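K.L.:
This is the structure, below, for whatever I ask next.
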Amino acid sequence: MDNPSFCSAGDCRVTQDELKALVGQAALQYVVPGEVVGVGTGSTVNKFIEALATVKDRLPGAVSSSEASTQRLRALGIRVFDANEVGELSVYIDGADEIDGRGHMVKGGGAALTREKIVAAQSRRFVCIADESKRVEVLGRFPVPVEVIPMASARITRQFAAIGGTARARLKDGAPLLTDNGQHLLDVSGLAIADPMAFETEVNQWPGVVTVGVFAHQKAAVCLLGTSGGVRTLTF
C-alpha cells in the first residue's frame, strides 16, 4: 500500500495514486462539451473516468478502448458508444507505460493496445496522462506488448530474437491471457527503440501481428505528467 503524501520542511512527497488522480482531473480541460470523448484503459484512466463522471451531463457519452473501461463508464452513468456509431472524435485520453520526448509511447500493459490504437486513430488529438516514472529517453525499458494471432506466436518470437528481443507469452492463471479480441499477447524485452516510427511500421507488417504496442503513428499531442511539483504539460 502507498504511504500517504506529506510535506515536511519543504519536502513534499506525493503517492503514485495521487499523481494519477491529479492528471486525471487535469485532463478534463481537454474534454469538449457536447462531443463524444475517447477513453482509454488502465489505472490512471480510471482516475480520469472518475473525474469525467462529474461532468457527464455535458457529454453525449464516450467511446471506450476496453471492456473494463466500458463497464466502469456505464457504472458511473456515462453512455458508451460503439466506435462505428460515431465519426471523428475530438480527443482521446489514455495513459502510457512509457513516453519519450517526442510523444511516442509504449502501451499495452493492460492488454488493450489494439482497441486503444483504433480509438486513437479515430481521434484528432491524443492526450496522454501519466506519472513522471513513465517518461523515458528511449522506448523499450518497459517490455513492448504485441498482440498476435496464436498460430504465429512461435515464429514472431523468433523474429524478435533475430533483432535482439526476448518475447514471452503473457499468462493468466497459467494459460495464455486472452485479449478482448480473443488473441494472445507477447511481451518483448531487451529492445532499445531509437526509431519508434520505423519499428512500429516494420513489426505491424509481420504476418500474425495484430498490433504492436508502440504508438508512433498515433503518438501523443499532449502529455499531462504528474510530478511531485504538480502536473507538468508537455506538448509535441
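The values are calculated or read from the model by the stated rules, or taken from the named source; none is laboratory data. As the structure is a computational prediction, the values presented were derived from the model and not from experiment. Accessible surface is based on the protein model in full, side chains and every heavy atom, while ligands, DNA and RNA are left aside. Shrake-Rupley method; radii C 1.70, N 1.55, O 1.52, S 1.80 Å.
K.L.:
Can you give the calculated 222 nm mean residue ellipticity of the chain, where each DSSP H run of n ≥ 4 adds -39,500 (n - 2.57) and the sum is split over every residue, rounded to the nearest 500 deg cm²/dmol?
P.N.:
Computed mean residue ellipticity for the chain: -7000 deg cm²/dmol.
K.L.:
Arrange the residues Val14, Val80 by how much accessible surface each exposes, largest first, with a 1.4 angstrom probe.
P.N.:
Sorted by accessible area, descending: Val14, Val80.
K.L.:
How large is the Rg to Rh ratio of segment 102-236 when both quantities use alpha carbon positions and Rh follows Kirkwood?
P.N.:
Here Rg/Rh amounts to 0.97.
K.L.:
May I have the extent of the alpha carbons of segment 72-113 along their three principal axes, as whole Å values ordered from largest to smallest?
P.N.:
34, 23, 15
K.L.:
Quick one: order Asp17, Asp131 from most to least accessible surface, probe 1.4 Å.
P.N.:
Correct descending sequence by accessible area is Asp17, Asp131.
K.L.:
How big is the Cα convex hull of the chain in projection, averaged over all directions, in nm²?
P.N.:
Answer in nm², one decimal: 13.7.
K.L.:
Turning to a different aspect of this structure: What residue among Lys107, Lys219, Lys172 has the largest mean-square fluctuation in a Gaussian network model of the chain, using Cα springs under 10 Å?
P.N.:
Lys172
K.L.:
Okay, moving on. Ignoring ligands, DNA and RNA, what percent of the 1.4 Å accessible area of segment 22-62 is carbon and sulfur?
P.N.:
After summing per-atom areas, the C and S share lands at 48 percent.
K.L.:
Please turn the phi angles of segment 68-85 into ³J(HN,Hα) values with the Karplus equation 6.51 cos²θ - 1.76 cosθ + 1.60 (θ = phi - 60°), one per residue in order, whole Hz, x for glycine and proline.
P.N.:
5, 5, 4, 4, 5, 4, 5, 4, 9, x, 9, 5, 10, 9, 5, 4, 6, 7
K.L.:
In terms of modelled amide H atoms, which long-range or inter-chain residues lie less than 5 Å from the amide H of Thr227?
P.N.:
Distant-sequence amide H within range of Thr227: Arg232.
K.L.:
Write down the accessible area per residue of the chain in Å², having rolled a 1.4 Å probe over the full set of protein chains.
P.N.:
47
K.L.:
If you don't mind, there's one more thing I want to ask. Which of rounded, prolate or oblate describes segment 130-207 when judged by the alpha-carbon gyration tensor and an a/c cut-off of 1.5?
P.N.:
oblate
K.L.:
Now for a separate question. What ³J(HN,Hα) values, in whole Hz, does the Karplus curve 6.51 cos²θ - 1.76 cosθ + 1.60 give for segment 207-223 when θ = phi - 60°, with x put for Gly and Pro?
P.N.:
x, x, 7, 7, 7, 9, x, 9, 10, 10, 5, 10, 7, 6, 8, 9, 10
K.L.:
Could you give the length gained on full extension between Asn204 and Glu50, defined as 0.36 nm per residue of separation minus the Cα-Cα distance, in nm?
P.N.:
Length gained between Asn204 and Glu50: 52.1 nm.
K.L.:
Check which residues have an amide H placed less than 5 Å from Thr15's amide H, if you skip close sequence neighbours.
P.N.:
Ser5
K.L.:
Which links in Lys107/Lys219; Lys107/Lys134; Lys20/Lys107; Lys172/Lys219; Lys134/Lys172; Lys20/Lys47 stretch past 18 Å when you go from one Cα to the other?
P.N.:
Those over the limit are Lys172/Lys219; Lys134/Lys172.
K.L.:
Probe radius 1.4 Å, ligands and nucleic acids ignored: give me the carbon and sulfur share of the accessible area of segment 131-236 as a rounded percent.
P.N.:
Solvent-exposed carbon and sulfur of segment 131-236 make up 54 percent of the total.
K.L.:
Give me log10 I(q)/I(0) at q = 0.15, 0.17 Å⁻¹ for segment 78-153, Debye formula, one equal scatterer per alpha-carbon, no solvent.
P.N.:
Ignoring solvent entirely, the Cα scatterers give -0.60, -0.75.
K.L.:
What residues have an amide H closer than 5 Å to that of Leu139, excluding those fewer than 5 places away on the same chain, when H is modeled at 1.01 Å from N in the peptide plane?
P.N.:
Ile193
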